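Before any comments, here is the structure.
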Amino acid sequence: MPMDRRTFLEMTAGLAVLPAGPALAAAQAATVEAPMRRRVPTTGEQLPVIGMGTADTFNVGRGSDDRAALTEVLAALLQRIPKAVIDTAPSYGSAEAVTGDLLQDAGARGKVFVATKISTSAANAMAQFTRSRAELHSDSVDLLQVHNLIDWRDNLKLLRQWKEQGKARYIGITHYREDAREELAHILRNEKLDFLQVNYSLGERNAEKALLPLCEQRGVAVLINRPFQDGRLFSAVRGKPVPDWAGEIDCTSWAQLFLKFIVSHPAVTAAIPATSKPKNMADNLGAAFGRMPDTRERARIAATLA
């Protein structure tokens with residue numbers, strides 16, 4: 001059953017609401033293990049390797065019934081991985097507003113790393129960013145990105161100004177298509193950026209060839225979108241059991257294997273899978289914990305789709 005707002009607030013308030021005894025001990029033990037984190041090269045700030053995207057999944061109505069499952073999704077993230085990246089955009093329908101409302105309801109704005117985007121021309125960027133901050137109920141964002149390289153030269157100039165003014169702590173660029181690789185590489189070589197957001201998965205590995213090494217060389221943090229290739233990876237393994245050796249790297253599902261393959265790459269800062277299902281959110285979060293695959297084990301995971 002969907003949880004109500006009171007239950008959500010209790011979940012995100014901490015362990016003080018839990019009863020004493022075995023239940024409390026178990027809950028405390030579950031929180032001892034910290035999620036894996038990666039440095040943002042330009043500042044040294046540490047971010048959890050698993051965050052959350054909102055494209056499609058958070059594009060819902062304003063009613064409580066529309067948002068009930070998303071309330072649980074966000075509660076799971078806040079409870080298990082504080083300061084995780086939540087990525088949204090004004091072009092994701094109502095997702096930006098829904099994200100802002102749910103964070104405000106939970107009193108959780110300071111408990112997450114909020115990333116949004118400019119997805120319009122530079123001439124309209126100020127109006128869009130003003131609206132985004134209103135939707136997010138915040139005067140500033142953690143990361144502001146040029147969405148899919150839209151008017152990127154002029155928009156980057158604006159982003160740098162807003163960063164200097166304290167309206168964004170970091171700036172970056174994004175894309176989700178393979179045919180954007182060369183232009184992304186050109187920008188990385190010639191512009192000073194904090195973040196790149198790009199698609200990378202077992203099914204789309206071209207980022208390994210130039211972009212990820214380039215980000216390592218240039219000191220650019222990397223967010224990964226489309227980690228499941230819009231669900232196609234699950235179709236590729238449908239009916240196949242999770243390999244027995246997955247337990248050696250603390251994976252219990254295909255989702256965790258796919259995500260650990262991504263975040264074990266040394267250039268990757270965080271993956272941002274999107275879901276509207278609390279069960280899937282809990283599963284995804286498991287990829288932030290336990291042992292990460294080494295080079296041999298990454299090859300073993302890749303071989304499952306060969």
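Structure notes:
- DSSP bridge pairs, the chain: antiparallel proportion in percent, nearest 5: 15 percent
- Simple spin-label estimate for Asn124 and Phe234 gives 3.3 nm between the two label positions (7 Å along the Cα-to-Cβ direction from each Cα).
- For the chain, a Gaussian network of Cα nodes joined below 10 Å ranks Ala207, Ala267, Ala89 by mean-square fluctuation, and the top entry is Ala207.
- Coupling constants for the stretch 159-169 follow from the phi torsions by the Karplus curve (6.51 cos²θ - 1.76 cosθ + 1.60, θ = phi - 60°), and in residue order they are 4, 5, 4, 5, 5, 4, 7, x, 8, 8, 7 Hz; glycine and proline get x.
- In the frame of its principal axes, the stretch 266-306 has Cα extents of 32, 23, 18 Å, reported largest first.
- Note on the stretch 110-256: Cα Rg divided by 2.2 N^0.38 Å, N the number of residues, gives 1.20.
- P(r) histogram, all alpha-carbon pairs of the stretch 70-127 included - 5 Å bins from 0, percent: 4, 18, 27, 23, 13, 8, 6, 1, 0
- The label-point distance for Thr42 and Asn206, in a model that sets each label 7 Å from Cα toward Cβ, rounds to 2.6 nm.
- Links that overshoot a 22 Å alpha carbon limit, given the list Lys240/Lys279; Lys83/Lys163; Lys209/Lys277; Lys117/Lys163; Lys117/Lys277: Lys209/Lys277; Lys117/Lys277
- Quotient of Cα Rg and 2.2 N^0.38 Å for the stretch 94-186, N being how many residues it contains: 1.10
- More than 31 angstrom apart: percent of Cα pairs within the chain: 28 percent
- Normalised by 2.2 N^0.38 Å, where N is the number of residues, the C-alpha radius of gyration of the stretch 201-243 stands at 1.48.
- For the stretch 46-97, the mean projected area of the C-alpha convex hull, equal to one quarter of the hull surface, is 3.7 nm².
- With θ taken as phi - 60° and the Karplus curve 6.51 cos²θ - 1.76 cosθ + 1.60 applied, the whole-hertz 3J(HN,Hα) list for the stretch 53-61 is x, 10, 4, 6, 5, 9, 8, 10, x Hz, x standing for glycine and proline.
- Per-pair calculated FRET efficiency, R0 = 45 Å: Arg218 and Thr252 via Cβ, rounded to 0.05: 0.80
No lab work stands behind these numbers, since they all come straight from the coordinates. Bear in mind the structure is a predicted one, so any value in this text is a computation, not a measurement. Neighbour counts run over all protein chains shown; Cβ positions are idealised from the backbone, glycine included.
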